[in-house]
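To keep things clear, I will list the structure first and then write my remarks on it.
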Amino acid sequence: MIRNNSFLNGEIHNWYKINFGYSDQLVSILLDYFQVKSTSRILDPFCGTGTTIIECMKWGVEAIGVDANPSSVFAAKVKTNWKINPTILQNNLGKVLEERVKDIYIKSDETYKYLIHSGMVARGWISLKPLLKAISIKINIKNLLTTSDYKNALMLALISEVVYNAANVKFGPELYCGPVKLDSDVHLGFKNRVETMANDLQVAKKILPIHSEIFQDDARSLSCLSLNKKKFDFIITSPPYPSEHDYTRNSRLELAFLEKVTSRETLRQIKKGMIRSHTKGIYTEDDDSSFVSRFSSIKKLENKINKAAKDKTHGFARLYSTVMKEYFGGMRRHLRSVHPHLKKGALCAYIVGDQSSYLRTQISTSKILSQIAKNEGFIEEETIHFRNRWSSSTSKFVRENILVLRRV
């Protein structure tokens, strides 16, 4: 099977990317490695902004994506909607740019109020002038007399411009505030991004429509697949790693602009639907750890982490072993949930990284996941060393692997 050569340079993928995403080239390599056919069905249960799904569409393969983060789901849905007419999109762009919004409407906008009242503007996430321009564009998009498909595409372009140009945030790998930009030409950046979308959509029109769907759901339950009668041939995905990466912090501006986070409680509800992978996402009612309490490898790690944390005074250190156990328990729940939706013999590629973020305790993520998977109807086909990644917490390189499981 051959990838459609109309797309060669990251088209559509580049509309918006998350910092922890993997490359479309890797997906392409795996599709080729697995000898995926046009009749195959692929699932990505941690789809992020849709890299796997988009690349499958370029190959002419049906794919379904699931993610718990509403901003990622929003982006993935926009990026997999190739029915948008590029001419109509550009016409709507002109209407957005020609309207001026009064300050009274900007300051009553939910995004504006949240970013001000939460202190994000005061802490330097985004400066006031670029924010006012971005909110003005947002309001004009909302007021357009057009369908949600075009409004959503324009919103994605706006979000991408805000995060990657107009705001002060940087990723390295955690989000932090860089040098303050007192102003930014948000309108020009937004215009350029929409025009890039229109150009990519002209290319996408040449490809036969391929079925794809994106769902917002918890990968530990996958209830969104309950009505799905057809089973999947492959999984290609990259779940969170057991580390201190707060995925909702890294997408906080996006969540604010989409009005998915307007308070601490709305943020909390999003976090609760995610596999636990960091100390700021642990709650008293969590109990995924009970699913791995009998694994000797988990118990050994718990003892090592607790021993290293014994003399630490900061509160987060006492949660490190809890995060580790909740993570692997959540992943066991995920494997149990996904198993019935896979064909017998289905191959599953899980791209995961080893970790030593918790007081330099080595966590061999792929090895432990392989052990857990054997208890949920999978066998390890192979583990492929994908790359080495620099760890800022230990000043060492850590391994990232592709764990290939086969559903038995």
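Of the residues that sit in the range 2-17 and are assigned to a loop (DSSP other than H, G, I, E, B), within 26 Å of R389 (Cβ to Cβ) and not aromatic (F, W, Y), which one is modelled with the highest pLDDT?
Restricting to residues being assigned to a loop (DSSP other than H, G, I, E, B), within 26 Å of R389 (Cβ to Cβ) and not aromatic (F, W, Y), the top hit is I12.
So the check is Cβ under 7 Å with 6+ separation or different chains; which pairs have a first residue in the range 216-239 that's touching a residue at least 24 places away in the same chain (Cβ under 8 Å) and a second one that's surrounded by fewer than 17 Cβ atoms within 10 Å (Cβ to Cβ) and hydroxyl-bearing (S, T, Y)?
Cβ pairs passing all conditions: D217/S223.
Determine whether the range 129-136 contains at least one residue that is more than 23 Å from K17 (Cβ to Cβ), part of a loop (DSSP other than H, G, I, E, B), in the same structural domain as G94 (by TED's automatic domain parsing) and not aliphatic (A, V, I, L, M).
Within the range 129-136 (the criterion being more than 23 Å from K17 (Cβ to Cβ), part of a loop (DSSP other than H, G, I, E, B), in the same structural domain as G94 (by TED's automatic domain parsing) and not aliphatic (A, V, I, L, M)), the answer is no, since none of the residues qualifies.
Identify, please: which residue in the range 77-94 is under 22 Å from K206 (Cβ atoms) and aliphatic (A, V, I, L, M) and is, among those, modelled with the lowest pLDDT?
Here the answer is I84.
Quick check on my filter: what residues within the range 206-237 are touching a helix residue (DSSP H, G or I) at 6+ places or on another chain (Cβ under 8 Å), closer than 30 Å to A157 by Cβ and either surrounded by 21 or more Cβ atoms within 10 Å (Cβ to Cβ) or not polar (S, T, N, Q) (or both)?
Once the filter is applied, which keeps residues that are touching a helix residue (DSSP H, G or I) at 6+ places or on another chain (Cβ under 8 Å), closer than 30 Å to A157 by Cβ and either surrounded by 21 or more Cβ atoms within 10 Å (Cβ to Cβ) or not polar (S, T, N, Q) (or both), the range 206-237 yields I207, I210, S212, I214, F215, D217, A219, I236, T237.
List the helices (runs of 4 or more DSSP H) that sit entirely inside the range 45-122 and contain at least 2 residues that are in contact (Cβ under 8 Å) with a residue 60 or more places away in the chain. I'd like the intermediate steps shown before the answer.
Numbers: elements: 51-59, 70-79, 86-98, 103-106, 110-117.
Result: 51-59, 70-79, 86-98, 110-117.
Got a sec? Which helices (runs of 4 or more DSSP H) wholly within the range 292-408 have at least 3 residues that are under 22 Å from the mean Cα position of the chain (by Cα)?
Passing ranges, in order: 320-338, 365-374.
Of all residues in the range 89-127, which are touching a helix residue (DSSP H, G or I) at 6+ places or on another chain (Cβ under 9 Å) and of a type in the set (A, V, I, L, M)?
Answer for the range 89-127, where residues must be touching a helix residue (DSSP H, G or I) at 6+ places or on another chain (Cβ under 9 Å) and of a type in the set (A, V, I, L, M): L89, L93, V96, L97, V101, I106, L115, I116, M120, V121, A122, I126.
Taking the condition surrounded by fewer than 16 Cβ atoms within 10 Å (Cβ to Cβ), in contact (Cβ under 8 Å) with a residue 40 or more places away in the chain and charged (D, E, K, R), does K374 pass? Working first, answer last.
Numbers: surrounded by fewer than 16 Cβ atoms within 10 Å (Cβ to Cβ): yes; in contact (Cβ under 8 Å) with a residue 40 or more places away in the chain: no; charged (D, E, K, R): yes.
It is false that K374 is surrounded by fewer than 16 Cβ atoms within 10 Å (Cβ to Cβ), in contact (Cβ under 8 Å) with a residue 40 or more places away in the chain and charged (D, E, K, R).
Table: residues versus (1) at pLDDT below 95; (2) under 15 Å from A219 (Cα atoms).
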| residue | (1), (2) |
| --- | --- |
| E259 | no, no |
| S289 | no, no |
| N303 | yes, no |
| F328 | no, yes |
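Filter the range 238-269 down to the residues that are of a type in the set (S, T, Y) and within 17 Å of L115 (Cβ to Cβ), then identify the one that is surrounded by the most Cβ atoms within 10 Å (Cβ to Cβ).
Applying the filter and picking the extreme gives S251.
Table: residues versus (1) in the same structural domain as S238 (by TED's automatic domain parsing); (2) under 16 Å from S238 (Cβ atoms); (3) modelled with pLDDT under 95.
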site: N19; (1), (2), (3): yes, yes, yes
site: D24; (1), (2), (3): yes, yes, yes
site: I42; (1), (2), (3): yes, yes, no
site: W59; (1), (2), (3): yes, no, yes
site: A68; (1), (2), (3): yes, yes, no
site: E110; (1), (2), (3): no, no, no
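Could you say which residue among L145, L156, L132 is more than 22 Å from the chain's Cα centre (by Cα), surrounded by 15 or more Cβ atoms within 10 Å (Cβ to Cβ) and under 30 Å from L201 (Cα atoms)?
Being more than 22 Å from the chain's Cα centre (by Cα), surrounded by 15 or more Cβ atoms within 10 Å (Cβ to Cβ) and under 30 Å from L201 (Cα atoms) holds for just one of L145, L156, L132, which is L132.
Of V194, V186, V169, V180, which residue is of a type outside the set (F, W, Y) and under 20 Å from the mean Cα position of the chain (by Cα)?
On inspection, the qualifying residue turns out to be V169.
Inside the range 22-33, can you point out the residues that are crowded, with 19+ Cβ neighbours inside 10 Å and either in contact with a Gly (Cβ under 8 Å, 6 or more places away or on another chain) or under 23 Å from H341 (Cα atoms) (or both)?
D24, V27, L30, L31
Can you name the condition, by its number, that Q35 falls short on among (1) more than 26 Å from R406 (Cβ to Cβ); (2) at pLDDT 95 or above; (3) assigned by TED's automatic domain parsing to the domain that holds A349?
The one condition Q35 does not meet is (1).
The values are calculated or read from the model by the stated rules, or taken from the named source; none is laboratory data. Since we're looking at a predicted model, the values are computed, not measured. Cβ: placed from backbone, ideal geometry, glycine included. Neighbour counts: every protein chain shown.
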